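**Student:** I'd like to ask some things about the structure below.
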Amino acid sequence: MTERSRKRLFAVSGTVLFGLFSYAALNLPAWGDYRGPYGNFISNLAVYERHATDTVNAINYDYRGFDTLGEEFILFTAVVGVMMLLRRERGTRTKPLSQSGKLQDQPTLGVAVRATNIPAMILTIIFGFYIGLHGQLTPGGGFQAGVILASALFFIYLAENTDAFQRLTSHTAVEVIESVGAGAYALIGLAPLCFGLPLLTNALPLGKTGDIFSSGNIALISATVGVEVTAAFLLVMYTYLQEIITGEIPDD
Amino acid sequence: MHQLFQHLPYFVAAWLFCCGLYGLITSRDLVHSVMCLAVLQSSTYVLLLAIGFRKGGAAPIFADWLSPGQLTVDPVVQALMLTDVVVEAVVVALLLAMVVKAHEKAGCTSPDDLRTMRQ
């Protein structure tokens, strides 16, 4: 199909889609006039039932905990997929290390930049822990904390070079940490089954509302998710950097 | 017209969706395609947040100034959106890895050239 015929097809089907969508959307309740009952139920119950003030996280890690377990394994599988796709196959020509641009990779950054990077990294790590540990109280939680913590380690890559980043994020260790993070969530979910309770039943004391050690399982699951997401992002970054440095040479 | 403005966020979502779709079908580079897919998916964020919004509703974070029972926006769709964001991020990572592999095998990243090479 040529580009012109593709565009023509898009124009036709896009118009039809837009017409149908407009018909559907105009029959929805007006914006700001939402009538679904579940949001109200959970908003009213989460603080009493789970002692969690951030309702969104109460839903994610408790009321919809089973879905989040699935979501976490989507993350896990996708990272495994990235690593499998970019693995070295035997007998392929790869870029030689001397040419791979250790020279290109060498930073020309000034001392000032490298000196500011360390405090920036420490601040980011502290911020990541803060976001992760307060997930049940304020906006935040495991997923967000994981991304922040992983980006803290990218400061090393920015200030130094790929070599330093790869030395610091030992591949095996990160892989183990990722698996532990994913497995811990599954175990927390499965453990209540041994006592004849439903999956993901809250086992920990709920604590005082507004306290950092409150809301039982939510805080714990959020922490395991944080560990998993940090490791997952580091693994993806590691794999891509490995690809840039010693990637395969494309066949001409 | 008044009714259109009452449903404006839904049309913003549809517009974003169509922008992503248009980019996807006219794409000349696989990396560009992946980014278009990300744009296309971001329409679901707008749609989900628009559905859960309530006039005068506060964010569903309870504190001293907001006690349970007061009007909040719907937290369920917000939780769904969080799932959406995470899944999009990893799907983009996976697709980009496929693009790298396609470039290694074919030496190009244009969808049209990839097709002619197979023939």
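**Student:** Can you give the longest run of chain A that contains no trypsin sites (Lys or Arg not before Pro) sitting in a DSSP loop with at most 14 other Cβ atoms inside 10 Å?
**Tutor:** Counting only loop sites that pass the neighbour cut-off, the longest clear stretch is A:94-207.
**Student:** If you don't mind, there's one more thing I want to ask. What FRET efficiency would be calculated for the residue pair A:Ile244, A:Leu197, taking the C-beta separation as r and a Förster radius of 35 Å, to the nearest 0.05?
**Tutor:** 0.10
**Student:** For segment B:3-8, take each phi angle, set θ = phi - 60°, evaluate the Karplus expression 6.51 cos²θ - 1.76 cosθ + 1.60, and give the result in whole Hz per residue in order, putting x for glycine and proline.
**Tutor:** 5, 4, 5, 5, 10, 3
**Student:** Moving on to the next point. Which one of A:Asn117, A:Asn27, A:Asn202 has the biggest mean-square fluctuation once chain A is modelled by GNM with Cα springs under 10 Å?
**Tutor:** A:Asn27
**Student:** At 222 nm, what helix-only mean residue ellipticity would chain B give, in deg cm²/dmol to the nearest 500, using -39500 (n - 2.57) for each DSSP H run of four or more?
**Tutor:** Computed mean residue ellipticity for chain B: -24500 deg cm²/dmol.
**Student:** Please give every one of the aspartates and glutamates within straight-line cross-link reach of A:Lys208, meaning a C-alpha to C-alpha distance under 15 Å, and leave out same-chain neighbours fewer than 8 residues apart.
**Tutor:** Cα-Cα hits under 15 Å: A:Glu49, A:Asp54, B:Asp64.
**Student:** Here is a further query. Given labels modelled 7 Å from the Cα in the Cβ direction, how far is it in nm from A:His171 to A:Glu89?
**Tutor:** Roughly 1.8 nm, to one decimal.
**Student:** Quick query: amide H of A:Leu204 versus all other amide H atoms, modeled in the peptide plane; which residues come in under 5 Å with a sequence gap of 5 or more or a different chain?
**Tutor:** Amide H neighbours of A:Leu204: A:Asn217.
**Student:** Please list, ordered by chain and number, the residues whose modelled amide H lies under 5 Å from the amide H of B:Thr72; skip anything fewer than 5 residues away on the same chain.
**Tutor:** B:Ala58
**Student:** Relative contact order of segment A:53-246: what whole-number percent is it, with Cα pairs under 8 angstrom and at least 6 residues apart?
**Tutor:** Result for segment A:53-246 is 33 percent.
**Student:** Could I ask something else about it? B:Lys105: which aspartates and glutamates have alpha carbons under 18 Å from its alpha carbon, excluding same-chain residues fewer than 8 sequence positions away?
**Tutor:** A:Glu89, A:Glu243, A:Glu248, A:Asp251, A:Asp252, B:Asp29, B:Asp113
**Student:** Test of the criteria: in segment A:144-252, which chymotrypsin sites (Phe, Trp or Tyr not before Pro) are in a DSSP loop and have at most 16 other Cβ atoms within 10 angstrom of their Cβ? Display every interim value, and only then the final one.
**Tutor:** Working: sites: A:Phe154, A:Phe155, A:Tyr157, A:Phe165, A:Tyr185, A:Phe195, A:Phe213, A:Phe233, A:Tyr238, A:Tyr240; in loops: A:Phe195, A:Phe213.
Sparse-neighbourhood loop chymotrypsin sites (Phe, Trp or Tyr not before Pro): A:Phe195, A:Phe213.
**Student:** In whole Hz, with x marking every Gly and Pro, tabulate ³J(HN,Hα) for segment B:76-91 from phi via Karplus 6.51 cos²θ - 1.76 cosθ + 1.60, θ = phi - 60°.
**Tutor:** 5, 5, 5, 5, 4, 5, 4, 4, 4, 4, 5, 5, 4, 4, 6, 5
**Student:** While we're on this one: Provide the FRET efficiency to the nearest 0.05 for the B:Val85-A:Ile126 pair, computing r from the beta carbons and using R0 = 30 Å. Let's see the in-between values first.
**Tutor:** Values: r = 23 Å, r/R0 = 0.78.
Given R0 = 30 Å and the Cβ-Cβ separation, E is 0.80.
**Student:** Report the gain in length on full extension from A:Val80 to A:Val111: 0.36 nm times residue separation, minus Cα-Cα distance, nm rounded to one decimal.
**Tutor:** 7.4 nm
**Student:** Now for a separate question. Give, as ranges by residue number, the residues of segment B:78-111 whose backbone N falls under 20 Å from the point 7 Å along Cα→Cβ of A:Thr2.
**Tutor:** Within reach of a label on A:Thr2, which here means backbone N under 20 Å from a point 7 Å along Cα→Cβ, segment B:78-111 contributes B:111.
**Student:** May I ask you to list the aspartates and glutamates whose Cα is less than 15 Å away from that of B:Lys55, ignoring any residue fewer than eight positions away on the same chain?
**Tutor:** Correct list for B:Lys55: A:Asp33, B:Asp74.
**Student:** What trypsin sites (Lys or Arg not before Pro) does segment B:1-81 have in DSSP loop regions with at most 16 other beta carbons within 10 Å?
**Tutor:** Working: sites: B:Arg28, B:Arg54, B:Lys55; in loops: B:Arg28, B:Lys55.
Passing sites in segment B:1-81 are B:Arg28, B:Lys55.
**Student:** Under a Cβ-only charge scheme (Lys and Arg +1, Asp and Glu -1), can you give me the dipole magnitude of segment A:53-246 about the Cα centre, in debye to the nearest 20?
**Tutor:** Numbers: 10 positive and 14 negative charges, 119 e Å.
Taking the Cα centre of segment A:53-246 as origin, the dipole is about 580 debye.
**Student:** Give me a comma-separated list of calculated 3J(HN,Hα) values for segment A:145-159, in order, Karplus coefficients 6.51, -1.76, 1.60 applied at θ = phi - 60°, integers in Hz, x for any Gly or Pro.
**Tutor:** 4, x, 5, 5, 5, 5, 6, 4, 6, 5, 4, 4, 5, 5, 7
Where a number appears in this text, it was derived from the coordinates with a stated rule and is not lab data. What you see is a predicted model; the values in this text were computed from it and never measured. As a convention, Cβ positions derive from the backbone with ideal geometry for all residues, glycine included, and neighbour counts pool all protein chains shown.
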